[in-house]
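All of the numbers you see were taken from the coordinates with simple rules; none came from a lab. Predicted, not measured: the structure shown is a model, and the values here were computed from it. Cβ atoms come from the backbone with ideal geometry, glycine included; neighbour counts cover every protein chain shown.
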Amino acid sequence: MAPSTPLLAVRGSEGLYMVNGPPNFTENTVFLRESGKNCKVYAFSKDGSLFAWCNGEKVNLVNVADNELLHSFNLPKAVCLEFSPKNSVLAIWQPYTSTIANKLHLQKISDFVLSPGPQPCKVAVYVPGSKGAPSFVRLYQYPNFNGPHAVLANKSFFKADKVTMLWNKKATAVLVIASTDVDKTGASYYGEQTLHYIATNGESAVVQLPKNGPIYDVVWNSSSTEFCAVYGFMPAKATIFNLKCDPVFDFGTGPRNAAYYSPHGHILVLAGFGNLRGQMEVWDVKNYKLISKPVASDSTYFAWCPDGEHIVTATCAPRLRVSNGYKIWHYTGSILHKYDVPSNAEIWQVSWQPFLDGVFPAKAVTYQAVPSEVPEKEPKVAEAYRPPALRNKPITSSKLHEEEPPQNMKHSGNDKPLSKTALKNQRKHEAKKAAKQEARSESGQDLALNSAQQQSTPRNVVSLPTTGDPEVDKKIKNLKKKLKAIEQLKEQAAGGKQLEKNQMEKIQKEAALLQELEDLELGV
């Protein structure tokens with residue numbers, strides 16, 4: 001029998017306290033509120049039965065069920081707390097003084113990540129390349145660090161100044177996001193990123209991402225059999241891949257930069273936080289159907305509840321010091337509880353009480369929004385700037401980006417699996433579209449603008465061979481340059497920027513310039 005929904009721990013200037021989960025949302029009276037602003041850190045045990053925090057004087061350890069004080073440590077400067085996987089050890093970090101138990105003798109290790117789950121523990125280590133040698137990531141099983149058969153898997157690659165390594169839940173494979181600080185090709189000022197797959201059985205591969213641009217997020221499903229990547233210049237693509245690194249389902253493009261699988265792995269949330277407006281897409285990934293599209297504006301934190309039904313989003317300081325508070329949602333898009341912090345206070349951290357796998361059974365996905373007593377205000381969407389001369393005229397539809405709809409990558413129209421050649425051609429086609437998109441996105445930088453001018457042409461314009469007349473070719477080139485500048489101005493206007501009068505006059509000349517260009521090119 002599953003327990004009631006987990007508690008929500010809240011830490012801020014109003015103190016440290018716990019809130020009961022759905023359906024009550026009242027402050028938990030068993031755990032006594034720790035008043036004041038001195039709580040710097042807290043942690044739940046892996047099964048949620050224990051809770052520890054530092055109040056600036058001591059580290060206290062209590063039983064969550066009855067708030068019984070189990071132990072108090074005189075460690076006022078603790079800045080990190082972590083329970084062991086079996087909840088038998090509490091690690092408290094102050095200045096480092098541990099005894100070395102084992103050592104991996106490998107020069108220039110820059111980063112390492114321990115695998116999750118039970119023993120035997122595995123570790124992924126990263127060694128950056130130097131003097132023309134490639135970087136590499138190696139997998140080991142603790143404590144077997146030496147010997148001819150110690151390395152479980154090895155993956156080497158170039159173009160890596162740093163990496164992010166992500167183990168799956170079963171500790172059978174690692175995803176490696178390799179990043180460079182600078183893109184030496186000049187195509188992007190974001191640097192360059194690639195995604196690699198390494199399995200403990202020795203298999204490895206490069207994950208082919210058909211759209212150019214940053215890799216915003218990569219997340220494993222709890223089943224450890226698939227993962228989702230969010231990537232590409234905005235609007236970003238999101239794709240689910242299997243363990244062969246083949247695409248399984250493509251969610252198309254949209255305003256998103258993060259992905260979150262539910263604890264049971266049957267629901268996936270794609271979200272656009274940070275510099276995006278907080279749009280979320282909630283997907284049933286067993287049937288690949290969209291469930292809801294809620295909006296959580298100004299969110300700095302997102303977390304699934306262990307019950308697999310509820311979500312918390314929060315706006316926390318110091319990331320944002322205005323509109324602090326949190327919301328508890330049902331995945332169908334309903335806001336079940338909302339707390340706004342008073343203007344003279346701040347909220348710093350919220351988190352769900354964890355539970356072991358299997359405590360909450362998976363439930364069938366529902367598409368009907370659950371009832372809620374919390375009034376939901378529709379976020380006001382900013383309208384694109386329209387000059388006074390056009391405000392009383394009909395709005396003509398104009399899309400800055402070509403939107404790509406979701407598609408199932410497992411089967412084609414004849415219900416047969418796509419061949420490797422078909423997949424390769426499909427990726428090439430998508431890469432060409434991504435290159436044009438990237439050129440437009442990078443137009444604000446001189447270096448990227450030059451690259452874009454060489455690789456793409458304005459919308460509605462077909463690139464034709466040269467005319468053989470240098471004067472005509474020069475006119476065509478100048479017209480394309482003007483049209484490209486107009487495209488940039490239209491994008492700025494759509495983004496809310498107020499244009500000058502001379503800039504608006506340039507936009508109004510677009511139709512005439514297009515006609516002039518067409519006449520010149522048809523005369524070839």
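What residue among 118, 133, 78 has its Cα farthest toward the positive end of the dipole of segment 47-171, where the charges are +1 on Lys, Arg and -1 on Asp, Glu, each on the Cβ?
Comparing the listed Cα positions along the dipole, 133 ranks first.
How big is segment 8-93 in terms of Cα radius of gyration and Dmax, in angstroms?
12.5, 38
Please give me, ordered by residue number, the trypsin sites (Lys or Arg not before Pro) of segment 227-278 that lie in loop per DSSP and have at most 10 other Cβ atoms within 10 Å.
When the trypsin sites (Lys or Arg not before Pro) of segment 227-278 are filtered for loop state and at most 10 Cβ neighbours within 10 Å, 244 remain.
Sort 513, 320 so the one with the fewest other Cβ atoms within 10 Å of its own Cβ comes first.
Lowest to highest Cβ neighbour count: 320, 513.
Quick check: pseudo-label points 7 Å beyond the Cα along Cα→Cβ at residue 223 and residue 518, how many nm apart are they?
So the two model labels end up 5.1 nm from each other.
At what distance in nm do the modelled label points of residue 242 and residue 131 sit from each other, each positioned 7 Å from its Cα along Cα→Cβ?
Going by the 7 Å Cα→Cβ label model, 4.4 nm.
Here are some pairs, 289/363; 482/506; 244/289; 86/170; 237/289; 103/159; which of them have Cα atoms lying more than 20 Å apart in this structure?
Correct reply: 244/289; 103/159.
How much length would be gained if the chain were fully extended between residue 485 and residue 87, taking 0.36 nm per residue of separation minus their Cα-Cα distance, in nm to one decimal?
Difference between extended and current length: 137.2 nm.
Assuming R0 = 30 Å, what is the FRET efficiency of residue 203 and residue 286, from their Cβ-Cβ distance, to the nearest 0.05?
Calculated transfer efficiency: 0.70.
How compact and how long is segment 120-259, expressed as Rg and Dmax of its alpha-carbon atoms in Å?
15.5, 49
Extension gain residue 368-residue 181, at 0.36 nm per residue separation less the Cα-Cα distance, in nm?
Full extension of this stretch gives 62.8 nm more.
Calculate the FRET efficiency for residue 111 and residue 49 from the Cβ-Cβ distance with a Förster distance of 30 Å, rounded to the nearest 0.05.
Once rounded, the FRET efficiency stands at 0.40.
Could you state the orientation-averaged shadow area of the convex hull built on the Cα atoms of segment 86-156, in nm² to one decimal?
That works out to 6.5 nm².
For residue 339 and residue 472, FRET efficiency with R0 = 45 Å and r from the beta-carbon atoms, rounded to 0.05?
Using R0 = 45 Å, I get an efficiency of 0.10.
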